[in-house]
1. Run the label-point distances for C:E17 please: 7 Å along Cα to Cβ, every other copy, nanometres, shortest first.
2. Run the reach check for A:K55 against lysines, Cα to Cα strictly under 18 Å, same-chain hits fewer than 8 apart removed. What comes back?
3. Given a Förster radius of 30 Å and the C-beta distance between C:E151 and D:H18 as r, what FRET efficiency does 1/(1 + (r/R0)^6) yield to the nearest 0.05?
4. Between beta-carbons, use under 12 Å as the cut-off and find the net charge around D:I126, counting Lys and Arg +1, Asp and Glu -1.
5. Can you pull out the GluC sites (Glu not before Pro) in region D:1-50 whose DSSP state is coil and whose Cβ has at most 11 other Cβ atoms within 10 Å?
6. What net charge do the residues around A:E112 carry, taking every other residue with its C-beta under 12 Å from that of A:E112, with Lys and Arg at +1 and Asp and Glu at -1?
7. Using a 10 Å cut-off on Cβ to Cβ distances, tally the other chain neighbours for every residue of D:127-136 and report the average as a whole number.
8. Over all directions, how big on average is the projection of the convex hull of the alpha-carbon atoms in region D:53-161, in square nanometres?
There are 4 protein chains.
Amino acid sequence: MAKSILGIMGPGEKATEHNLKCAYEIGKLAAQSGYVVLTGARPSGVMEAGLRGAKEAGGQTIGILPSKSKSDASPFADLVVVTGLNSARNYINALTADVTVACGVEAGTLSEIALALKEQKHVVLITENKRASEFLKGLSERLVHVATSPEDAMAIVHTLI
Amino acid sequence: MAKSILGIMGPGEKATEHNLKCAYEIGKLAAQSGYVVLTGARPSGVMEAGLRGAKEAGGQTIGILPSKSKSDASPFADLVVVTGLNSARNYINALTADVTVACGVEAGTLSEIALALKEQKHVVLITENKRASEFLKGLSERLVHVATSPEDAMAIVHTLI
Amino acid sequence: MAKSILGIMGPGEKATEHNLKCAYEIGKLAAQSGYVVLTGARPSGVMEAGLRGAKEAGGQTIGILPSKSKSDASPFADLVVVTGLNSARNYINALTADVTVACGVEAGTLSEIALALKEQKHVVLITENKRASEFLKGLSERLVHVATSPEDAMAIVHTLI
Amino acid sequence: MAKSILGIMGPGEKATEHNLKCAYEIGKLAAQSGYVVLTGARPSGVMEAGLRGAKEAGGQTIGILPSKSKSDASPFADLVVVTGLNSARNYINALTADVTVACGVEAGTLSEIALALKEQKHVVLITENKRASEFLKGLSERLVHVATSPEDAMAIVHTLI
């Protein structure tokens with residue numbers, strides 16, 4: 001039977017310390033709960049931090065790469081899915097993760113959140129950006145969950161998976 | 001030389017009267033300015049209203065369809081691009097439009113806006129949703145433009161194309 | 001109502017003189033018959049020759065670009081659909097063309113032919129490669145049509161569109 | 001470090017007994033060699049036989065699904081990548097597999113082979129269709145390898161990965 005997959009999304013090069021710490025912790029907690037951790041595979045920002053957190057806790061990881069070359073992926077991705085689709089791969093991230101946790105919100109992450117909501121999938125949001133959480137909560141009261149910490153986010157995830 | 005393309009995005013089945021009127025007017029004004037009008041091709045909501053506005057003003061239209069069958073498209077699309085990609089086609093909408101005007105914001109439209117911003121493309125927003133415009137303006141002061149009417153939106157578009 | 005679209009597929013940089021002449025003639029004849037000509041948009045080989053043939057006969061053209069930048073397209077494409085999907089855009093070519101004519105067969109073209117057949121769409125083949133025509137005819141006697149000249153190919157196309 | 005992935009491609013509903021046995025054996029041998037087995041995820045034909053072979057030998061499996069719903073996947077896929085891209089997902093299969101083994105050739109499989117060759121990736125072919133092997137070998141002497149049995153195919157794979 002297919003394993004449960006938790007997506008961790010967030011900024012790449014522009015990730016803040018808060019985003020990175022969030023992603024690392026979520027990755028660790030997800031691995032400890034037996035979830036496979038999925039990110040966008042690039043060796044940068046939230047993508048790499050989430051994968052690293054999962055690997056350091058002994059978990060399993062999968063990365064969905066936008067480019068055409070497997071060697072572009074983070075070394076913390078056990079399985080690299082090479083799409084060559086540039087940011088159209090964000091749709092695959094949204095569909096493949098059973099639930100997505102967003103650590104921070106910029107344009108790429110926002111597209112993943114929006115595509116997840118479009119497909120009726122749940123998103124847990126950890127952000128200091130109040131406008132983001134209020135706006136997204138307004139888009140879907142039912143599917144958008146705002147968490148205050150990685151532990152809080154994982155408690156929400158457990159109720160959803 | 002390739003023609004200039006204006007994307008009109010917005011809700012499908014959930015479009016409000018305000019969204020539909022906005023899309024129709026933008027379609028009409030775009031055609032009068034010689035732009036090709038692009039939408040998501042479905043015979044519904046803002047997609048169809050934008051195409052219809054352009055056709056009734058004698059313009060040219062193109063629809064980028066998520067499904068696999070050309071017959072799913074609005075009759076107001078002169079050219080139907082059949083993608084079979086479901087909502088991954090939103091990325092093509094974002095990349096193909098020289099500028100995108102969003103008449104209203106729900107999940108699908110939000111993904112198109114976010115993907116356009118990710119690719120450094122300008123978006124003009126007409127919405128009564130204050131949270132949406134404030135949040136998106138906060139994401140990119142430079143690329144997000146808030147308009148108060150179709151005429152205002154087209155004036156902004158002219159400065160961008 | 002949506003216009004009829006004829007796809008012209010074939011090698012890019014490796015196109016032979018025979019392939020290029022074939023594509024140019026098909027483009028010209030398609031335009032004269034009122035079909036919109038679709039190719040893969042790159043300024044090279046069969047893609048450009050087909051678009052040029054159509055434009056020089058006063059026809060309308062559309063190019064489906066694999067890269068992310070509209071400026072990569074052939075100047076003979078009136079409408080440029082920017083996909084950013086690399087060779088996954090071949091699926092869009094296959095689905096969007098009402099019928100596809102292949103002038104020559106290499107790996108990229110073969111993928112377009114195969115995807116068209118997968119979706120139950122007709123393909124007309126002009127090639128000096130006997131193995132190709134025999135093998136593809138063997139894959140689908142019904143959907144694969146082998147033509148001996150551009151005029152012959154267009155006669156077949158007329159029976160299909 | 002990312003694991004090595006062997007793709008097993010071939011017909012779905014139309015698979016022959018020979019195709020199914022081939023896929024099952026390749027799956028088993030791949031698992032025994034420590035490769036992750038990748039297929040198109042559907043619970044049918046070569047896709048399911050390859051996954052089942054790998055699982056029954058204690059291996060790890062990944063399926064790349066064309067549809068939008070994880071529940072459409074074969075129960076022998078450990079990890080299900082949900083693309084929603086219909087047959088555009090064939091490009092992801094081609095790019096993600098380090099090497100692809102084709103057990104039989106029909107339209108969908110042919111598109112995967114062609115896309116792999118387009119991206120300069122090696123393909124090992126097991127088929128009773130002589131026209132297929134001669135034609136494909138003619139397309140790329142260097143990248144296309146014809147095997148006479150699953151054991152023979154795996155010996156070739158070992159020299160390539």
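1. Relative to the other copies, C:E17 has label-point distances of 5.4, 6.9, 6.9 nm.
2. List returned: A:K3, A:K21, A:K28, D:K3.
3. On the way: r = 42 Å, r/R0 = 1.41.
Calculated transfer efficiency: 0.10.
4. Details: positive: D:K21; negative: D:E25, D:E128, D:E151, D:D152.
Summing Lys/Arg as +1 and Asp/Glu as -1 gives -3.
5. Working: sites: D:E13, D:E17, D:E25, D:E48; in loops: D:E13.
Qualifying residues, ordered by number: D:E13.
6. Values: positive: A:R89, A:K118, A:K121, B:K118; negative: A:E106, A:E119.
That sum, taken over residues with Cβ under 12 Å, equals +2.
7. Working: counts 0, 0, 3, 1, 8, 5, 1, 3, 11, 5.
Whole-number average of other-chain Cβ neighbours for D:127-136 is 4.
8. On the way: hull surface 28.1 nm².
It is 7.0 nm².
Rule-based calculations on the coordinates, nothing more; no lab input. Bear in mind that the values here come from a model prediction, so they are computed numbers and not experimental data. Backbone-built Cβ (ideal geometry, glycine too); neighbour counts: all protein chains shown.
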